[in-house]
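Below: the structure, in structure tokens.
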Amino acid sequence: DAKTTQPTSMDCAEGRAANLPCNHSTISGNEYVYWYRQIHSQGPQYIIHGLKNNETNEMASLIITEDRKSSTLILPHATLRDTAVYYCIVRPITSGTYKYIFGTGTRLKVLA
Amino acid sequence: NAGVTQTPKFQVLKTGQSMTLQCAQDMNHEYMSWYRQDPGMGLRLIHYSVGAGITDQGEVPNGYNVSRSTTEDFPLRLLSAAPSQTSVYFCASRRQGGDTIYFGEGSWLTVV
């Protein structure tokens, strides 16, 4: 299974875009990229996922490089409530028995 | 709309005691799992199940037992509590092949 590498922490000014990178250089062709976030003391929350095309939903955008070895989660207008730990996960398309490994994630602090 | 329900929310145990953390989901999800999260750390997978009667080990299974007699319930048993098991425990579920993992609100366990 592909491993992911994320920066330990990042800061972002409120109202600005937060760009969170993830490296998954060993990703294979049948693996999705997923993003979750965990707001202090709560269970993680699904944000977005993609295979090779860029994706956007009401929470965020996901940009995946053409070679799929890295991706960036974009929160277009970060608010204080976006302060959280963000996890990048890679998992196979056929995920019936897949063990979701969360890692340590990126701690994003949105500054007023 | 309950989702994933964990009980108890808080528990203090003495070293050597045993206890069971309860987890129930009402979404008819096949896949359920338990994670632990130590202070300032990411989530680590303890055990998971892909359906009733089927369980498997995650990253850190030692000291814990699970069973899955029904689709709805996935209890986590601490056999003989140790201070190293002081942590926050999260139960999660998802539909087989589904994109989103749903987490419970967490159970805070302190072993003294």
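Each reported figure results from applying straightforward, stated rules to the coordinates on display, with no laboratory input. Because the structure is a prediction, the values reported are computed rather than measured. Because the Cβ atoms are built from the backbone with ideal geometry, glycine has one as well, and the counts that use them run over all protein chains shown.
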Positive end of the dipole of the stretch A:51-112, charges at C-beta (+1 Lys, Arg; -1 Asp, Glu), about the Cα centre: which of A:Thr104, A:Thr83, A:Ser61 has its Cα farthest in that direction? A:Thr104
Total charge of the residues flanking A:Ile93 in space, meaning their Cβ is under 11 Å from its Cβ, with Lys and Arg +1 and Asp and Glu -1, is -1
Apply the a/c threshold of 1.5 to the C-alpha gyration tensor of chain B and tell me whether it is rounded, prolate or oblate. prolate
Treating only Lys and Arg (+1) and Asp and Glu (-1) as charged, each at its beta carbon, one finds that chain A has a dipole about its Cα centre, in Debye to the nearest 20, of 240
Label model pair B:Val112, A:Ile93: point-to-point distance (7 angstrom along the Cα→beta-carbon line) in nm is 5.4
With 10 angstrom as the radius, rank A:Ser61, B:Ser84, A:Ser71, B:Ser49 by how many other C-beta atoms surround their C-beta, starting from the fewest. B:Ser84, A:Ser61, B:Ser49, A:Ser71
Take the alpha carbon atoms of the stretch B:1-27, find their center, do the same for the stretch B:37-83, and report the distance between the two centers in whole angstrom. 11
Charge tally for neighbours of B:Arg68 with beta carbon under 14 Å away, counting Lys, Arg as +1 and Asp, Glu as -1, is -3
Most exposed to least, judged by fewest other Cβ atoms within 10 Å, A:Glu31, A:Glu66 sort to A:Glu66, A:Glu31
Under a Cβ-Cβ limit of 4.7 Å, which cysteines in the protein assembly as shown have nobody to pair with? A:Cys12
Treating the beta-carbon of each Lys and Arg as +1 and of each Asp and Glu as -1, no other charges, what is the dipole magnitude of the protein assembly as shown about its Cα centre, to the nearest 20 debye? 400
List the trypsin sites (Lys or Arg not before Pro) in the stretch A:41-78 that DSSP assigns to loop (not H, G, I, E or B) and whose Cβ has at most 16 other Cβ atoms within 10 Å. Which are they? A:Lys52, A:Lys69
